[in-house]
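The values are calculated or read from the model by the stated rules, or taken from the named source; none is laboratory data. As the structure is a prediction and not an experimental result, all values here were calculated from the model. Reconstructed Cβ throughout: ideal geometry from the backbone, glycine too, with neighbour counts over all protein chains shown. Note: areas computed on protein heavy atoms with side chains; ligands, DNA, RNA excluded. Shrake-Rupley method; radii C 1.70, N 1.55, O 1.52, S 1.80 Å.
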Amino acid sequence: MEKLRAHIEFVKEQEAFHMRQADKFADNPRRKEAHLRTSSKLGDLASVLQELQLMDFPDKKPAGERRRLNLTWEEVKDLPEELLAELSVSDSDRLEFTIIAIIEDAGGVASLDRIIMEYYKRTGEVLKRPVMNNRLYRMVQKEAIHAVQGKKGVYTLQPLSDEDAAAVI
């Protein structure tokens, strides 16, 4: 719904712009009328978007609430090794679980460098930067972790607001 709110704001700004343009071209009836028509259409669009924003979509769950077929870190982190051996947990899953644990232990926010370093400390394995970067990208696409906007190579477990992202050092 955040994207919808941003689009509504944009449409309203455009509507106001065209109203100002209509006033600016009051002495040119053709341009004034064109801007008034555009402003009217944008106003109608803003109304439709606002109605959509108020609608409840019970069949569509937010991304964080979608049913997941694969196991998550939260589900397996406290399980004994004997049980983990019986589950279909791949090496790729274990890598992702380790990355999530590293970010979690870092307070929910970690840089690519910190993740690479901590991964080495925990596993003794050196992962090349491009390999780790690709894994983090795929995890972001699956919404297992989130990239911090405006901070290259910084990841979180929960999405951050613009204000919180700006405060990340």
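Structural remarks
- Computed from the C-beta positions of Lys152 and Asp78, the FRET efficiency with R₀ = 41 Å rounds to 0.75.
- In the chain, helices alone account for a calculated mean residue ellipticity at 222 nm of -19500 deg cm²/dmol, with every DSSP H run of four or more residues adding -39,500 (n - 2.57).
- Neighbourhood charge, 15 Å Cβ-Cβ cut-off, centred on Ala34 and excluding it, Lys, Arg +1 and Asp, Glu -1: +3
- Out-of-range pairs (alpha-carbon distance over 30 Å; input Lys3/Lys128; Lys41/Lys151; Lys3/Lys151): Lys3/Lys128; Lys41/Lys151
- Applying 0.36 nm per residue to the separation of Gln141 and Ala16 and subtracting their alpha-carbon distance, the gain on full extension is 41.4 nm.
- C-alpha long axis of helix 129-141 to longest principal axis of the chain, angle in °: 60 degrees
- Helix 29-54 vs. the chain, principal-axis angle (Cα, 0 to 90°, nearest 10): 40 degrees
- Accessible surface for Thr38 stands near 50 Å², nearest 10, in the context of the full protein assembly shown (1.4 Å probe).
- Mean separation of Cα contacts under 8 Å (6+ apart) over length of the chain, as relative contact order %: 14 percent
- Simple label model, 7 Å out from Cα along Cβ direction - Arg114 to Met55, nm: 4.2 nm
- Among the trypsin sites (Lys or Arg not before Pro) in region 71-169, those placed in a DSSP loop whose Cβ has at most 13 other Cβ atoms within 10 Å are Lys77, Lys128, Lys142, Lys152.
- For the chain, convex hull volume per residue from C-alpha positions, Å³: 166 Å³
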